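K.L.:
For reference, the structure I am asking about is given below.
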Amino acid sequence: MSLVVKDLVKMGQTQLEKTGCPEPKLDAELLFCFMKNIDRTEFIMEWSDLVEDRICEQYFDLIAIRATRKPLQHIIGTQDFMGMTFGVSEDVLIPRHDTETVVEKAEEIIGKNKIKTVLDLCSGSGVIAISLAKRKPGLKVTATDVSGAAKKLTLANAKRHGVKMDFLLGDLYEPVGRKKFDLIISNPPYIPREVIGTLEDEVRRFEPQNALDGGPDGLDFYHKIIKDAPAHLNKVGWLVLEIGHDQGEAVTDMLRETEAFEEIQVFSDLAGHDRTVVARLAEKSKHRKRINKA
């Protein structure tokens, strides 16, 4: 068949529309760019060029894969985050742009306080840890995750961006022992278990369940992280958590109930949804009092 780029991509878009892909036009264009190893500017310059039959076949093969609702990021193997490109895999959660607002809030805290050490829990592909280490030179960053695949991917991403960091394999705080940090940050699994089956096919069918499942109410990991955070924070330490859009009140209540935190605030993402909870460890006497009560 003889097609120019714009007609080829339009046909790809139409196929993706029929299968319910959320962003068919963008995906059709990005798949063409991926296939040709070109950027969006080069893509526009080729808009009216004639495409060889062989290239058409390769393109429609990619469209067919995406039409199964396999995530675009799994097909091309990367995702952009904080202006950087990260490798992704089917073994970890695909980074979302909503998480950028969490990283930005952590950056703000680091900039205003004498933050030298950061612990990233449930690191996944390492985008939070690596973004902070890259954007805040001199910051010592440690990441933990239970997944060996996450460790491999994070270290590969760190190498890609020339970042030095520590990655410890294990569940939450377990691999760091009694070590303390100036700031703890986490984007833990927070989807209520019964909600997972209602999510888009890209998430429900292709993303790892253990990276989504936050327990019956989506709050299991917050209970664990918040409960043990005081023992792993330095004297003036901060906790930064990504949350689901309707979890701000519940997570805030957890923090208040510990009597170990103050300056508890909820911040929204660019869409206006609650996305980040921030809290500062209360002064030492209050912290000791809480521990003695426990």
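K.L.:
Here are Gly124, Gly162: which of them is out of contact with any His (no Cβ under 9 Å at 6 or more places or on another chain), closer than 19 Å to Asp213 by Cα and not acidic (Asp, Glu)? Steps first, please.
P.N.:
Values: Gly162 fails: closer than 19 Å to Asp213 by Cα.
Selected residue: Gly124, the only one of Gly124, Gly162 that is out of contact with any His (no Cβ under 9 Å at 6 or more places or on another chain), closer than 19 Å to Asp213 by Cα and not acidic (Asp, Glu).
K.L.:
Please count how many residues of region 131-179 are under 23 Å from Ile94 (Cβ atoms), in contact (Cβ under 8 Å) with a residue 40 or more places away in the chain and in a helix (DSSP H, G or I).
P.N.:
10
K.L.:
Then there's this: With respect to Gln265, is the statement that it is surrounded by fewer than 16 Cβ atoms within 10 Å (Cβ to Cβ), closer than 18 Å to Asn187 by Cα and at pLDDT 95 or above true?
P.N.:
For Gln265, the condition - surrounded by fewer than 16 Cβ atoms within 10 Å (Cβ to Cβ), closer than 18 Å to Asn187 by Cα and at pLDDT 95 or above - is met.
K.L.:
While we're on this one: Kindly provide the set of residues from region 184-207 that are under 22 Å from Asp145 (Cβ atoms) and polar (S, T, N, Q), ordered by number.
P.N.:
Across region 184-207, the qualifying residues are Ser186, Asn187.
K.L.:
Hey, another quick one. Looking only at residues in region 161-205 that are under 24 Å from Ile130 (Cα atoms) and of a type in the set (D, E, K, R), which one is farthest from the chain's Cα centre (by Cα)?
P.N.:
The extreme case among them is Arg178.
K.L.:
Considering each of Asp91, Asp98, Asp61, Asp80 in turn, give the residue that is more than 25 Å from Tyr190 (Cα to Cα) and surrounded by fewer than 19 Cβ atoms within 10 Å (Cβ to Cβ).
P.N.:
After applying the criteria, what remains is Asp61.
K.L.:
Looking at region 1-30, I want the residues that are closer than 16 Å to Thr68 by Cα and have a partner that is crowded, with 20+ Cβ neighbours inside 10 Å and among the aromatic types (Phe, Trp, Tyr) with Cβ atoms under 7 Å, at least 6 apart or on another chain. Which pairs are those?
P.N.:
Gly12/Tyr59
K.L.:
Regarding Ile184, is this residue of a type in the set (A, V, I, L, M, F, W, C), under 22 Å from Thr101 (Cα atoms), touching a Cys at 6+ places or on another chain (Cβ under 9 Å) and surrounded by 15 or more Cβ atoms within 10 Å (Cβ to Cβ)?
P.N.:
Judged against the criteria, Ile184 is not a match.
K.L.:
Which members of region 163-195 meet the condition of being within 27 Å of Leu119 (Cβ to Cβ) and among the β-branched types (Val, Ile, Thr)?
P.N.:
Of everything in region 163-195, those that are within 27 Å of Leu119 (Cβ to Cβ) and among the β-branched types (Val, Ile, Thr) turn out to be Val163, Val176, Ile184, Ile185, Ile191.
K.L.:
Considering only region 2-21, how many residues are outside any helix (DSSP H, G or I) and either at positive phi or not aliphatic (A, V, I, L, M) (or both)?
P.N.:
Residues that pass the stated criteria total 4.
K.L.:
Considering only region 222-229, I want to know if a residue exists there that is within 18 Å of Leu93 (Cβ to Cβ), small (Gly, Ala, Ser), out of contact with any helix residue (DSSP H, G or I) (no Cβ under 8 Å at 6 or more places or on another chain) and surrounded by 15 or more Cβ atoms within 10 Å (Cβ to Cβ).
P.N.:
no
The values are calculated or read from the model by the stated rules, or taken from the named source; none is laboratory data. Everything quoted here is computed from the prediction, not taken from an experiment. Cβ atoms come from the backbone with ideal geometry, glycine included; neighbour counts cover every protein chain shown.
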